[in-house]
Amino acid sequence: MEKELLSHDRRDFFSKIFISGTGSLALLSLTGCGGSDGLSNPEVPLTADQKDTLLYIYQEEKVARDVYDYLDDIYNAETSTFSDIKLSEQEHMDAVEKLCIKYGVDISNVDESVYGVFILQELQDRYDTLITPYKVEPFPPLSDALQVGIDIEIKDITDIAAAEVGMPSDVVSVFDNIKESSINNLGAFKYGGNKPVQLTDEQKATLLYMYQEEKVARDVYIWMDDIYGTQTNTFANIILSEQKHMDAVEKLCIKYGVDISAVDETAIGVFILPVLQDLYDALILQDNTLEEALNVGILVEETDISDLEDAAVGMPNDVIRVFENIKEGSINHLGAFTYALSQLP
């Protein structure tokens, strides 16, 4: 007997998982995907000075993110600009972090989760100076805080333009993208800030769903890695990325007042949405062989990409930006699973 499909708007996982009476995974036809988050071999070795420059830019992007996070706590009722742009700065950090890893820059002492702490004293001093006027009430007017953003972005643009001189083409490409984004951020601060946007109940439900769907991916890969980790590192590599996806959507949930108090990220395989609990339970049954497990990864990423595209429709720009960033990561993951599958004997 064909298993009953779960109904959920725009979700078709189960129609792909279950085939009449067998429960076996459907084979997917995928083309044009490759790579694994861009961590290919370096084009050329960097000099010690160039490595120092990469580390500096990585930390400088963290200064921007952390300052905007601090100011957002104060001015979020007046503007969403700091909240919007700190998400952009996190993307900048992620991009430069990948370059640091690729080129062997030691970032082992950097803890991104600790706000306001930096391993370079110059940048620690800059951060402390920027937030000092905002430590004690009465706080300066919003216009002063927006000027802080303007000053940060101008310096960021200047420093990146100088830092890319003589760098390999992949570093220059990343720096140019960050510079373009910083120019847009500069324009947002000069414009005077965006008024906070309210989500509808349906949009809030969509955010919660995507937050939990990213957890499904992470938890399924943890399960598969426990079984097949000695045969492939694909699941282990992607688990870390899925955690970042969860973190990004969690921040959106907090920003837009989505109730996630019942979510326990540390509880692997536990979900507050029944449809996703059922989904997880079904996916981990498809683990009889490494081939099946990799096909589960392909299925998860393909559906995640589709759901992110649907979920972005009508959302505020900051949500769209985050979803686009996650989708790009999911496309890379899809390529990694497809490649690993092609290498099986």
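The values are calculated or read from the model by the stated rules, or taken from the named source; none is laboratory data. All of these numbers come straight from a predicted model, not from anything done at the bench. Every residue, glycine as well, gets a Cβ built from its backbone with ideal geometry; the counts of neighbours run over all protein chains shown. These area figures cover heavy atoms from the full protein model, side chains too; ligands, DNA and RNA do not enter into them. Shrake-Rupley method; radii C 1.70, N 1.55, O 1.52, S 1.80 Å.
Find the accessible area per residue for segment 200-345; the probe is 1.4 Å, ligands and nucleic acids are left out, and the unit is Å².
Values: 5990 Å² over 146 residues.
Result: 41 Å² of accessible area for each residue.
Report the calculated FRET efficiency for S108 and K155 (r = Cβ-Cβ distance, R0 = 22 Å), to the nearest 0.05.
Details: r = 27 Å, r/R0 = 1.21.
That gives a FRET efficiency of 0.25.
Between D278 and I119, what FRET efficiency follows from the Cβ-Cβ distance if R0 is 45 Å, with the result rounded to 0.05?
Details: r = 45 Å, r/R0 = 0.99.
Result of the calculation: an efficiency of 0.50.
Among L55, L273, L252, which one shows the highest mean-square fluctuation when the chain is modelled as a Gaussian network with alpha-carbon springs under 10 Å?
Among L55, L273, L252, the largest mean-square fluctuation in the Gaussian network model of the chain belongs to L273.
Evaluate the relative contact order of the chain (contact order divided by residue number), counting alpha-carbon pairs under 8 angstrom at least 6 apart; express in whole percent. Could you put the intermediate results ahead of the total?
Values: 379 pairs, mean separation 78.3, N = 345.
Averaging sequence separation for qualifying contacts and normalising by length gives 23 percent for the chain.
May I ask for the angle, rounded to the nearest 10°, between helix 317-342 and the longest principal axis of the chain, with both axes built from Cα atoms and the value confined to 0 to 90°?
Its long axis makes an angle of about 50 degrees.
Whenever you get a sec, compute what percent of the accessible area on the chain sits on carbon and sulfur atoms (1.4 Å probe). Before the final figure, lay out the partial values.
Numbers: 8630 of 16220 Å².
The computed percentage sits at 53.
Give the relative contact order (percent, whole number) for segment 38-185; include only Cα pairs under 8 Å separated by 6+ residues.
30 percent
Evaluate the charge dipole of the chain about its Cα centre and quote only its size in Debye, nearest 20, assuming +1 on the Cβ of each Lys and Arg and -1 on the Cβ of each Asp and Glu. Before the final figure, lay out each step's value.
On the way: 24 positive and 63 negative charges, 59 e Å.
Using Cβ point charges on Lys, Arg, Asp and Glu, the chain gives about 280 debye.
Kindly rank 215-227, 133-145 from highest to lowest mean number of other beta carbons found within 10 Å of each residue. Display every interim value, and only then the final one.
Values: 215-227: 21.5, 133-145: 12.2.
The packing order, highest mean first, is 215-227, 133-145.
Give me the net charge for the shell around I154: Cβ to Cβ below 13 angstrom, other residues only, Lys and Arg +1, Asp and Glu -1.
Values: positive: K155, K179, K190; negative: E60, D151, E153, D156, D159.
Once all neighbours under 13 Å are counted, the net charge is -2.
Roughly what would the spin-label model give for L344 and S169, points 7 Å off Cα along C-beta, in nm?
3.6 nm
Along the Cα→Cβ direction, 7 angstrom out, place labels at F139 and E328. What is the inter-label distance in nm?
According to this spin-label approximation, the distance is 3.0 nm.
For the chain, find the longest principal axis of its Cα atoms and tell me its angle to the long axis of helix 142-163, 0 to 90°, nearest 10.
Orientation of helix 142-163: about 80 degrees from the principal axis.
I need to check one value: relative contact order of segment 201-336, counting alpha carbon pairs closer than 8 Å and at least 6 residues apart, in percent.
Numbers: 121 pairs, mean separation 39.6, N = 136.
Taking the mean separation of contacting Cα pairs over the length of segment 201-336, I get 29 percent.
Strictly over 28 Å apart at the Cα level, which of K135/K251; K190/K244; K51/K190 would you flag in this model? Write down the numbers at each step before the final one.
Numbers: K135/K251 23 Å; K190/K244 30 Å; K51/K190 33 Å.
Table pairs above 28 Å Cα-Cα are K190/K244; K51/K190.
Considering only protein heavy atoms, what is the solvent-accessible area of C253 at a probe of 1.4 Å, reported in Å² to the nearest 10?
The accessible area of C253 comes to roughly 0 Å².
Pairing the Cα long axis of helix 81-102 with the longest principal axis of the chain, what angle in degrees results, from 0 to 90 and rounded to the nearest 10?
70 degrees
Give the label of the value calculated from the structure for Rg and Dmax of the Cα atoms in Å, choosing from (1) 33.7, 110; (2) 21.6, 68; (3) 25.9, 94.
Evaluating Rg and Dmax of the Cα atoms in Å on these atoms matches (2).
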